[in-house]
Amino acid sequence: MPPIADPAGFPNNDIRVTEEFLRTHEHVLLWIAMHLLNAARETEVLDNDVKEAFSSLVATYRTLQSGLVYESRPANPLAANLQARVQEAVAEYRRRASEAGAGEHLRDAEVLGILAFLQRLEIQRNNGRRRGRAFIDFLREHFPQQPEPDEEKAPLIVP
């Protein structure tokens, strides 16, 4: 069992993530988490790689929200790959929503909230071991062997 993390010590506590926000953006949260897990399955990433990727992603989306375009990249190549894969998933989600004419526009602030939630979840699930994969295993439990979304097989469903 992972150690209990103190929410007061979480990074980016100024980013509010409410239950209502998560319910409203559940489809985006699931989309990003599924792509993160697929990327983790393809490489031998550890929870610490995921932690680095989330740290860089949150920093990147913070600057985007402020109007600056600056991408923070981790030095760790596994974390950098995860970061790129999550950013590709967000771009793909936006492209599909646009093509579907759903009228919904995924804002950077919403992506930032989802990333902050996933970052906190990773911290809660991380068992603190150097080669630990507790968070990745947690994702695996909730997304058992789902294939990479395919254009024809998995159309975008927006509530």
Practice task
Residue by residue through the range 133-155, note down the ones that are open to solvent by less than 40 Å² (accessible area, probe 1.4 Å) and at pLDDT below 90.
Solution key: Phe143, Pro149, Ala154
Problem - Qualifying residue in the range 41-53 (condition: among the polar types (S, T, N, Q) and either over 21 Å from Ile15 (Cα atoms) or out of contact with any helix residue (DSSP H, G or I) (no Cβ under 9 Å at 6 or more places or on another chain) (or both)) - result: yes
Handout entry: Within the range 94-125, tally of residues that are at pLDDT 85 or above and part of a loop (DSSP other than H, G, I, E, B)
Key = 2
Fill in the blank from the handout: For Glu26, the lone unmet condition from (1) open to solvent by 80 Å² or more (accessible area, probe 1.4 Å); (2) in contact with a Leu (Cβ under 8 Å, 6 or more places away or on another chain) is (2)
Practice task
Starting from the range 10-24, keep only residues that are more than 12 Å from Leu115 (Cα to Cα), then list their pairs with residues that are of a type in the set (Lys, Arg) and at pLDDT 80 or above whose Cβ atoms are within a distance under 8 Å, requiring at least 6 positions of separation or different chains.
Solution key: Phe10/Arg120
Completion exercise
Within the range 36-56, residues being in contact (Cβ under 8 Å) with a residue 60 or more places away in the chain, open to solvent by less than 20 Å² (accessible area, probe 1.4 Å) and of a type outside the set (Asp, Glu) number 7
Practice task
Kindly indicate the residue of the range 57-83 that is β-branched (Val, Ile, Thr) and either in contact with a strand residue (DSSP E or B) (Cβ under 8 Å, 6 or more places away or on another chain) or surrounded by 16 or more Cβ atoms within 10 Å (Cβ to Cβ) (or both) and also nearest to Ile114 (Cα to Cα) among those meeting that condition.
Solution key: Val58
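The values are calculated or read from the model by the stated rules, or taken from the named source; none is laboratory data. All values reported here derive from a predicted model rather than from experimental measurement. Methodologically, a virtual Cβ is constructed for each residue, glycine included, from the backbone with ideal geometry; neighbour enumeration extends over all protein chains shown. All accessible areas refer to the heavy atoms of the entire protein, side chains included, with ligands and DNA or RNA removed. Shrake-Rupley method; radii C 1.70, N 1.55, O 1.52, S 1.80 Å.
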